[in-house]
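So the structure is just underneath, and the comments pick up after that.
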Amino acid sequence: MRDTLRFMTCGSVDDGKSTLIGRLLWESKQVFEDQLSALATDSTRYGTQGEAMDLALLVDGLQAEREQSITIDVAYRFFATPRRRFVVADTPGHEQYTRNMATGASTAELAVLVVNAAKGLQTQTHRHARIVAMLGVRHLVMAVNKMDLAGWDQAIFSQIVQEFQPLVDALGFESFQPIPVSALNGDYVTAHSSAAPWYTGPTLLSCLEEIDVSRGAEDLEFRMPVQWVNRPSQDFRGYCGRVASGRVKVGDRVRIVPGGMETTVRSIVTWHEERPAASAGDSITICLDSEVDVTRGNILASASDPAELSDQFEARVLCLSEHNLVAGRSYLFQLHTCQAVATITAVKYQVDVRLGTHLAARTLGLNDIGVVNLSIDRPVPFETYNRCRRLGSFILVDRLTNQTVGAGMIDFALRRAANIHWQAMDVNKAVRARQKLQRPVCLWFTGLSASGKSTIANLLEKRLFAAGRHTYTLDGDNVRHGLNRDLGFSEADRVENIRRVTEVARLLVDAGLVVIVSFISPYRAEREIARSRFEPREFLEIFVDTPIAECERRDPKGLYAKARRGALTNFTGIDSAYEPPDSPEIRLDTVVCTAEECVDRILFALDDNQAHKSAGAWEPS
Amino acid sequence: MTHSSTHPTSESESIPPARSYLAGLEAESIEIIREAVALADKPVMMYSIGKDSSVMLHLARKAFWPAPPPFPLLHIDTTWKFREMIAFRDRIAAESGIKLIVHTNHARLAEGVSPFTYDSERYTTMMKTEALKQALDREGFDIIMGGARRDEEKSRAKERIFSFRSAGHRWDPKMQRPELWNLYNARIHPGETIRVFPLSNWTEADVWHYIAEENIPVVPLYFAAPRPVVKRSGQWIMVDDDRFPLDPGETPEMRVVRFRTLGCYPLTAAVESSAATVSEIIQETQTARTSERCGRLIDFDQVASMERKKLEGYF
C-alpha cells in the first residue's frame, strides 16, 4: 500500500470543511503550542465559535479568509499517523472559487466530500462530485457533518446517502464510504463515539489510513517527457525528465515521439552514480546510444509501444477565467513539457454539473465545464487522461494577459498523426485560410482626418491578434512612406493611392489574412472600385462618422489649424471634398461610443458576417 | 541509511519517512527545479544559508548532474547574520563552484539601520525585502527559486509552487494563477517575475531526514553547543559579536542551545536543547511542542505578519 495519501476536502460553503481539517490536525497532534496560542487569539478575534477554539482558523491562512470566515484558496497541509502520511488540500466551497477547488482536485487520489446534515445535498455537493470525478479522483468519502445539529438521527444520514448513491454509481467511483461526523466535537473523526450507536463503519481517519488507492495493474509502457537537455560538454548529452509511466532499464529500446527515431538507453544517471533502471515517478537523466534529435517537449517512450501523436483532440475543459473560452480563438497550450498553440475549433456542449446533462453552448464562462475540439499548430505526443494523468492533462493560457484560462483533459485524438499523409493539393486562398483557421476579409475604414480611424483600427488589430487571428494593417504610415512615396495629395494622386492600397489588400486577403485598411479614402467611386475587387462579404466598409467640427476640435496633429491658416492645401473637409458612404456595412459614431465600444461593434458584425458565409474554411476537416 | 534504527519509534511519534516517501519528494523537487530553469530567461536561486537552502542547493546539483546548476545563487546579507553562517556560505560557494551573488542594502546600512535602531518589522522591510527587490531589479532575474515550505506558516500553506509576482514584486493572494497537475504557467510580461518553491511539500521533519540520508552539510548552529546568550522578551538571544548592546552590568551566560531556524542573530531565538547530531535533532523535532518558526521574532511583529511581508515581496 502507498505510504502517502494525497486527498482533498470539498463540498458546499459552510459545511465545515476547514473545521474538519482543523480537527484532523488537532487530533493527530500536528498543532504546536505557539500555534495554539495564536489560535486562541484568532478565535476571539475572528472565530465563529464564541469562546471556544475555532479550528477552521488553523487552515484559513489568508487575512481575507479569516475576516470573512470563508475559504478562498486551496491550502495544503501535512500530517502523519503511525500508519500513513497525508497531504491534504482544503478547497473552497463557494462557486466563484471553483477553479481553486479544481486545483486541489488535480493532484488528489481521494476526495472527502463534506455535507451538512442539517441542510442535506446542495448544488455544490453535486458540482464538486462531478468535478472530482472528471479530474480522475476515483475514491470518495462522504463526511456527513454537523450530525450533532441533526440529533444524530440515523434517518437523516441514510436519506442523504440514499439520495446521493445514484450519482456515485453514475460517476463510477471505485470506492464510496459515507461517515457521520461532528467536526466541531470530533465524533467519528479520529475516534468512535457513543453518539451514533447505529453506525458501525470506520472513523474518517481510519478510513483514510486503510484505503488502497493504488491503481489496478497499469499497462502503460515507459514514457518520459523531456524537460531539459543536459549538455555540459562534448562527452555528455543527457535527457532530463520525470518518468510518467512504466519502467525503463539500461539496454531498453526507446523511440522519440515525435520524430520516430529508435535507439537504446545507454545509461541512467542520477547523482554521482548510474542506475540500472527507473520507474514511474523517478526524476532521472537518460543517455542514449546514438546521436538523435531530442528536445524539450518530446517524449522518450518504449519502442514497442510508443506514445501517441496527434494535432486534433476532443477534450473536457474547465474554464478558469472571467473571459469566456470561445470557438475560433487560440491559446497557448501546455501539455506535459510541450508548449504549442491550440485553437478551439468547436464547443461541442456544456455539461450541466448538477444533472450531468449536455447543454448547447457556443462559449464557456467562468467555472463552466464543456467538451471542445482542439486543433494544435503541430502534432504533440500525448496519452488520454484516463490512461495517464500526467500526459493527458493540459492548460490553456491567454496570449495577451498570460493568465491560465482553461484546464483540460484529453479524451481522444480526432485523428492520428500517423494517418496524416500529404495529399497533392493546390495552395490557394481557401487552403491558406484553412491553415490559419480563419476567413480572410478586408475591413476598410473611411472617415475624416482625426475621426479616430487609426485608434480604432489599432485596437481592433490587437483584439483580433489576441484572439489568434492572422492580421495586417495598411495605413498612411506604412504605405505612404514606401510603396506610395511618389504620390501627393492631388485628386489624381489620391485615386492612385487608393488603387494601389486596394490591390495590396486584395493580395493579403488572397494570402488568407484579415486585412485592416485605414485611409481617409474620400471618394465614393474609389471605394466602390475597391469593393468590386473582392468577393461578396469579403469587404466590409466601416464609416468612422465623426463630424468635422469634432475632428477639428481634436486635431491631434494640428493639421486642421494648418489648413485653416492656408499652410496646407488639398486638405479633406477644408478645401478638398469628403464623400460619405451611402450604405456602409458599419457606421461608427465616435462622439457617443468609445474606441473599445466601436471595436466591440466591429467584432460583432464580423462574427455575423462570418456566420453567413458558406461553411468550409472555418472548421478544419 | 541508518537514522531510523538509531532511535526507537514509539506510537506517539510520527513515523520516520520511508525511503520511497523521501525519494518521491526529491523527484518532485527536481522536476520543479528543472521546469523553473527550462521556462526562465534568467533564473536565480535564493541562498539563505539555512538547512532548507542547503537541501534545495543539493537538489539543484542533483537535477543537473554532471553539469553544475545553470544559475547563480543570491544571498541577501543584512550584515547581521551569525558569523558561522557567513563562513559556511563562503565555504559552500567555493566548494560547489556555483557563482554566488551577495547583496546588501548599503544605503540603509549607511543610514544606520540595524535590528537595534528599528523595530523588527521596519528592519526586515528595509534590510531584507527592500534589499531583495534591489538585487532582483538590478540583475533582471525572471524566475527566482526559494526554499520556503508550506508547513512553515499558514499563509505559505496557501502559496502556489510557481507564484506570480506583479511588477514591484507584489504577491496578490486573491489573484493566484490556478495551478493544476504539474503544469506550471511561467508566462510573464516584462517587469513581472515568478517565485518558485521547490520544497513546497516538504515538512521540517522531511528536511532533517533528507539531510541525514544524503549527508548534507549544514551550519553547526543547528547543533547544540554551549553558546553565550542573554534573555530578551522570554527568548534566548545569542550574543554573536560585540555589536550587541548589553544592558549595564549584564554579561552573557553560557547555555547549551541550538537554533531551529537561522536568520539575523539579534532576531533569532535559540532553544535549550542537547541535540548535537542530526538523528538527535530528528528525535527532538518529532516530540517538539512548539513550531519551527516560533524563534523567528519577525513572524510575530504584527497581525498576519508573514502574509503582509509576502505581499510586499518578502519570501
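In angstrom, the C-alpha Rg and Dmax of the stretch B:220-300 are 12.7, 40. Angle, helix A:595-612 long axis vs. longest principal axis of chain A, Cα atoms, 0 to 90°, nearest 10? Here the helix axis deviates by roughly 90 degrees. Applying 0.36 nm per residue to the separation of A:Asp486 and A:Asp510 and subtracting their alpha-carbon distance, the gain on full extension is 6.0 nm. Helix content alone sets the calculated 222 nm mean residue ellipticity of the protein assembly as shown: runs of n ≥ 4 DSSP H residues at -39500 (n - 2.57) each, divided across all residues, give -8500 deg cm²/dmol.
For chain A, the longest principal axis of the C-alpha atoms and the axis of helix A:154-171 are separated by about 50°. Residue farthest toward the positive end of the dipole of the protein assembly as shown, with Cβ of Lys/Arg at +1 and Asp/Glu at -1: which of B:Pro43, B:Pro70, A:Val292? It is A:Val292, whose Cα lies furthest towards the positive end. Placing unit charges on each Cβ (+1 for Lys and Arg, -1 for Asp and Glu) gives the protein assembly as shown a dipole about its Cα centre, and among A:Val501, B:Tyr210, B:Val196 the Cα reaching farthest toward its positive end belongs to A:Val501. Taking 15 Å as the straight-line reach from the Cα of A:Lys348, the aspartates and glutamates in range (excluding those fewer than 8 positions away in the same chain) are A:Glu314, A:Asp368, A:Asp411, A:Glu619.
Computed extension length for A:Asp235-A:Leu359: 38.8 nm, one decimal, from 0.36 nm per residue of separation with the Cα-Cα distance subtracted. Does chain B classify as rounded, prolate or oblate by the C-alpha gyration tensor (a ≥ b ≥ c root eigenvalues; a/c under 1.5 gives rounded; else a/b over b/c gives prolate, otherwise oblate)? Oblate is the answer for chain B, as a/c is 1.5 or above yet b/c matches or exceeds a/b.
Think of each Lys and Arg Cβ as +1 and each Asp and Glu Cβ as -1; about the Cα centre, that makes the dipole of the stretch B:220-300 roughly 220 debye. Placing dummy labels 7 Å off each Cα toward the beta-carbon, the span from A:Ile548 to A:Phe465 is 3.5 nm. With each label modelled as a point 7 angstrom along the Cα→C-beta vector, the A:Glu262-B:Arg83 pair spans 6.7 nm.
For B:Lys133, the lysines whose Cα comes closer than 24 Å to its Cα, not counting residues fewer than 8 places off in the same chain, are B:Lys42, B:Lys51, B:Lys81, B:Lys99, B:Lys154, B:Lys158, B:Lys174, B:Lys309, B:Lys310.
Among residues other than A:Asn116 with Cβ under 11 Å from its Cβ, the summed charge is +1 (Lys and Arg +1, Asp and Glu -1).
If only the Cβ of Lys and Arg carry +1 and only the Cβ of Asp and Glu carry -1, the dipole of the protein assembly as shown around its Cα centre is close to 1660 debye. The calculated FRET efficiency for the pair A:Thr401 and A:Arg499, based on their C-beta separation and a Förster distance of 35 Å, comes to about 0.30. Listed by chain and number, the lysines whose alpha-carbon sits under 23 Å from that of A:Lys429, ignoring those within fewer than 8 places in the same chain, are A:Lys613. Charge tally for A:Leu325 (other residues, Cβ to Cβ under 15 Å; Lys, Arg +1; Asp, Glu -1): +2. Sites counted here are trypsin sites (Lys or Arg not before Pro) in a DSSP loop (not H, G, I, E or B) having no more than 16 other Cβ atoms within 10 Å; the longest part of chain B that contains none of them is B:100-242.
When the square roots of the Cα gyration tensor eigenvalues are ordered a ≥ b ≥ c, the ratio a/c for the stretch A:223-302 is under 1.5, which makes its shape rounded. By DSSP, the beta bridges lying fully in the protein assembly as shown are antiparallel in about 65 percent of cases. Legend: ranking of residues A:Thr569, B:Thr193 from fewest to most surrounding C-beta atoms inside 10 Å; resulting order A:Thr569, B:Thr193. Go ahead and collect, in residue order, the members of the stretch A:183-207 whose backbone nitrogen is under 20 Å from a label point 7 Å along the Cα-Cβ direction of A:Ser175. In the stretch A:183-207, the label zone of A:Ser175 (backbone N under 20 Å from the point 7 Å along Cα→Cβ) covers A:188-192, A:199-207.
The ranking of B:Phe141, A:Phe176, A:Phe382 by Cβ neighbour count inside 10 Å, starting from the fewest, reads A:Phe176, B:Phe141, A:Phe382.
None of the figures in this text is laboratory data; all of them are computed from the coordinates on show. The shown structure was predicted, so the numbers you read here are calculated from the model rather than taken from an experiment. No Cβ is skipped: glycine too gets one built from the backbone with ideal geometry, and neighbour counts run over all protein chains shown.
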